[in-house]
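Take a look at the structure below.
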Amino acid sequence: MKIVMLGAPGAGKGTQALRIAEQYGVPHISSGDIFRKNLKEGTELGLRAKAYMDEGLLVPDELTTDLVISRLREEDCKDGYVLDGFPRTLPQARALSEKLKSEGARIDFALDIEVSDEEIVSRVSGRRICPKCGAGFHTLYNKPRIDGICDICGAELKMRDDDRPETVLKRLEVYHAETEPLIAYYKEEGILRTVDGSQSIDKVFEDSLDVLQD
Ligand code: AP5
Ligand code: MG
Ligand code: ZN
């Protein structure tokens, strides 16, 4: 099963992608996580990406497309994957379609998680992530058992650098301009599925599995 997650920053792509990937037994591949991992390891790519991320801008396609597509060639991706945060521009979507076409494969579904801009701002401001294992939490909607501490590995939770309110507004603007057109792209291909992302995390997951059935 090959799934592309669509949705605004903070819509819940990462939260749902992780569960869906587990359900289908395929890896969860997040372009944002790949950049953050590079940054943590201090690579040149990580530093270059950070400059864009901190401004709420997209990392240029030249730095992104080959990086993610080469990840999809690894052994664990042979039975599928859940792509989270990629593609995010029409050139990225076309590059992915081309890559798959050359292998006689295709994306099965593009799952769009719909959430209003107002709700996005409140979600993102409460998000906390584990710098050690990458697990995600929310101060109201997805609380860790102990305040400020990762349930999985015990590390101290942090805010993401790009979750400051000004940056979130910029990310939303960029989303509407650059990424929202992908909804029409995948609709045209007949593989778009939509869920109401304003519901609880469990309900969004349940609805996602429903629409991924057919
Ligand atoms: P990326 O890491 O992909 O960030 P994003 O798209 O902005 O999305 P988020 O991770 O912020 O949100 P999400 O939808 O995953 O929501 P989450 O599940 O965490 O990208 C970061 C940056 O990297 C980009 O800005 C760009 O610069 C660069 N980049 C990445 N990919 C790129 C590409 N392909 N091309 C160019 N540049 C790229 O949920 C959010 C919060 O809400 C959490 O706290 C969660 O617990 C909570 N929550 C989730 N669901 C619910 C619910 N149903 N109810 C209540 N709370 C919920
Ligand atoms: Mg995410
Ligand atoms: Zn952790």
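Overview of values
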read-out	value
Residue among LEU192, LEU39, LEU18 with the largest mean-square fluctuation in a Gaussian network model of the chain, springs linking Cα atoms under 10 Å	LEU39
Net charge of Cβ neighbours under 13 Å - reference ARG19; Lys, Arg +1; Asp, Glu -1	-3
Charged-residue dipole, Cβ positions (Lys, Arg, Asp, Glu), the chain about Cα centre, Debye nearest 20	540 debye
Å³ per residue enclosed by the Cα convex hull of the chain	120 Å³
log10 of Debye I(q)/I(0), alpha-carbon scatterers only, for segment 40-93 at 0.19 Å⁻¹	-0.76
Debye, to nearest 20: dipole size of segment 16-56, +1 on Lys, Arg Cβ, -1 on Asp, Glu Cβ	60 debye
Student exercise, segment 41-146 dipole from Lys, Arg, Asp, Glu Cβ charges, in Debye to nearest 20	380 debye
Backbone HN-Hα couplings from phi across segment 80-93 [Karplus 6.51/-1.76/1.60, Hz, Gly and Pro as x]	x, 5, 10, 8, 10, x, 9, x, 9, 9, 4, x, 5, 5
Set of segment 1-32 residues, backbone N closer than 18 Å to the point 7 Å along the Cα-Cβ line of GLU114	5-13
Label point distance in nm, ALA105-LEU90, each placed 7 Å from Cα along Cα→Cβ	2.6 nm
Cα→Cβ-extended label distance, 7 Å offset, between GLU55 and ASP202, nm	4.4 nm
Sparsely packed trypsin sites (Lys or Arg not before Pro) within segment 19-100, loop by DSSP, other Cβ within 10 Å at most 14	ARG73, LYS78
Probe 1.4 Å, protein heavy atoms only - accessible area per residue of segment 68-213 in square angstrom	54 Å²
Estimated 222 nm signal from helices in the chain, with DSSP H stretches of n ≥ 4 weighted -39500 (n - 2.57), rounded to 500	-13000 deg cm²/dmol
By accessible area with a 1.4 Å probe, ligands and nucleic acids excluded, highest first: order of MET53, MET1, MET159	MET159, MET1, MET53
TYR185 accessible area, assembled protein chains, probe 1.4 Å, Å²	40 Å²
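The values are calculated or read from the model by the stated rules, or taken from the named source; none is laboratory data. As the structure is a prediction and not an experimental result, all values here were calculated from the model. Positions of Cβ are backbone-derived with ideal geometry, glycine not excepted, and every protein chain shown enters the neighbour counts. To get the accessible areas, we keep the full protein, side chains included, count just its heavy atoms, and leave off ligands, DNA and RNA. Shrake-Rupley method; radii C 1.70, N 1.55, O 1.52, S 1.80 Å.
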